[in-house]
1. Could you calculate the FRET efficiency of Thr177 with Tyr146 from 1/(1 + (r/R0)^6), where r is the beta carbon distance between them and R0 is 30 Å, rounded to 0.05?
2. Rounded, prolate or oblate: which fits segment 86-208, taking a ≥ b ≥ c as square roots of the Cα gyration tensor eigenvalues, rounded meaning a/c under 1.5, else prolate when a/b beats b/c?
3. First obtain the Kirkwood hydrodynamic radius of segment 61-146 from its Cα pairs, then insert it into the Stokes-Einstein equation at 37 °C and 0.692 mPa s, and state the resulting D in µm² per second as a whole number.
4. Report, by chain and number, residues whose modeled amide H sits under 5 Å from the one on Thr122, excluding near sequence neighbours (fewer than 5 apart, same chain).
5. Using a simple spin-label model with points 7 Å from Cα along the Cα→Cβ vector, what separation in nm is obtained for Tyr114 and Val131?
6. Under a 5 Å amide H to amide H cut-off, with H placed in plane at 1.01 Å, what residues pair with Arg165 once short-range neighbours are removed?
Amino acid sequence: MAYQWMFLVDPGTFFLLCVACCTIFYGSYRSVHLPAFFRAGPNQAPESSSMKLWTAILLPVFGSVFLVVLFFFSSIVIWILMAIISLSCLTSVTYVVYPLSEKLFAHYQAERTYNIRWVGDTPRSAIASFVFAVLLVVLWWCWPYYLVGDLLAIALAIAALTFVRIPNLKIATIVLTLFFIYDIFWVFLSGLIFKKSVMEEVANSVAPSGPSRRVLAFLLGFMKSHGVLTPQE
């Protein structure tokens with residue numbers, strides 16, 4: 001009981017809550033005020049960014065398939081997961097940093113536009129944001145400090161809140177229900193089929209060192225930025 005009260009008055013708890021709330025607020029704000037460089041057309045977001053019912057159903061299915069593959073081939077799949085996270089973070093950090101970079105270049109009248117093949121007209125501020133994103137991802141690879149992973153996770157959370165839109169309460173309820181069943185099955189019931197808890201085995205297999213530790217730290221940071229971690233006894 002004393003531990004629970006100490007947790008409630010711990011400043012880190014309030015800081016964690018503030019980070020989660022600020023991430024959600026800023027991601028929601030950016031979804032409404034989408035920069036012109038990231039717009040697909042006259043509308044602020046492409047129609048395909050709204051989550052459909054079949055997408056909500058397939059999310060836990062693909063998650064389950066990837067979890068099983070990671071359970072049997074963790075030493076190989078971990079590098080694929082690192083590559084996916086790195087590419088996702090490149091675009092996310094570029095998107096989050098771009099407005100600040102745009103204002104700085106406009107303030108110093110240094111904004112220029114370059115025609116890049118396969119990309120089109122690209123402002124100098126977007127290129128600078130991408131370079132910063134590359135440096136941050138390289139730093140995460142070379143120096144797996146938790147703060148770098150947390151920054152990347154927050155950027156990825158903001159980008160996800162911006163571009164992945166849940167159009168109504170029905171789909172939101174389906175997504176939450178399916179992932180609730182997903183967690184219960186793979187943590188508690190998967191041992192009936194695989195003789196071991198798949199979720200626990202995957203967590204233990206990626207925890208020791210090297211790229212596995214960076215992936216685990218990043219995923220924990222991503223969950224913290226969404227405010228979904230709760231204290232455990």
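1. In this case the efficiency is close to 0.40.
2. Numbers: a/c = 3.29, a/b = 1.91, b/c = 1.72.
It is prolate, given that a/c is not under 1.5 and a/b is the larger ratio.
3. 217
4. Result for Thr122 returns Tyr114, Asn115, Ile116.
5. In this crude spin-label approximation the distance works out to 0.8 nm.
6. Ser50, Met51
A short reminder: the numbers here are calculations on the coordinates, not readings from a lab. Just so we're clear, the structure is a prediction, and the values are computed from it rather than from any experiment. No Cβ is skipped: glycine too gets one built from the backbone with ideal geometry, and neighbour counts run over all protein chains shown.
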